[in-house]
Amino acid sequence: MEEKFFAEARKHADAAPADVPSLSEIAPPVAQAPARRFPYGLVALLVLLTMGAGVYVWLRADLQGPFDQVIASSERNRGVVARPHYQDVLARSVLVFDLISVGPSQTQTDVFRVLLQFAAKLKDREHMSVILAYRGLPRFKLEGGYFHQLGEDYSSPHCNPVTLMRNFPQNVKNMEGANIYPRIAGSPAEVSDKQMDNFADFHRRWYLDELRQPEENPAP
């Protein structure tokens, strides 16, 4: 009886069509999870940002540190706030002396003394030019060689700050590089008086006009 049953089963199996698909052929393919890739791009970006931030902090301290030393050296300097920086952090050839504020008890002489002392701190460095800005707005330009000479002269034990003050305006240029104050002819007294007038006019145009504006035009 069993032999007959198996014989019938083999008979039907032999008669099965050859083109019947197998289970592997009709089952849908199993989706495989994509391989996880290490985020090299993100890591590289984070490294670059970290390096950039470190360079920025170092460059800022490279100039702000000497300036802060100048401010701490005298009580008369402490009302002068500035943010010196490089116009291009890579080239470092153009120095920007960005004046932010001047205290109510500070004078033009105090501001100029801070600039001279800062130049003395940087007298061993070379710059192509120095921009004098006020609250981020460039106003005037000095040749780098003249700024270097200011630092050398102020560091000399024979320095006469009044002479530096009187000669300063004739070395001030506009942002296009042209001199603002021409050389003065006349008697020594006439030249000295005009030089001091130009010195006062320079400070007025650099920051005093805007600094005094809220006082001259008080809010109603």
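Could you tell me whether any residue of region 181-196 is at positive phi and within 27 Å of the chain's Cα centre (by Cα)?
Initially, region 181-196 is screened for residues at positive phi, giving 186.
Next, only the ones that are within 27 Å of the chain's Cα centre (by Cα) stay: none.
No, region 181-196 has no match at all.
Could you check region 103-220 for helices (runs of 4 or more DSSP H) lying wholly inside it with 2 or more residues that are acidic (Asp, Glu) and surrounded by fewer than 14 Cβ atoms within 10 Å (Cβ to Cβ)? Before the answer, list the steps.
Numbers: elements: 108-121, 144-155, 161-167, 188-203, 209-216.
Passing ranges, in order: 188-203, 209-216.
FYI, it's all coordinate maths here, none of it is from the lab. Small disclaimer: the values here were computed from a predicted structure and weren't measured. Counting neighbours? That spans all protein chains shown, and the Cβs are built from the backbone with ideal geometry, glycine included.
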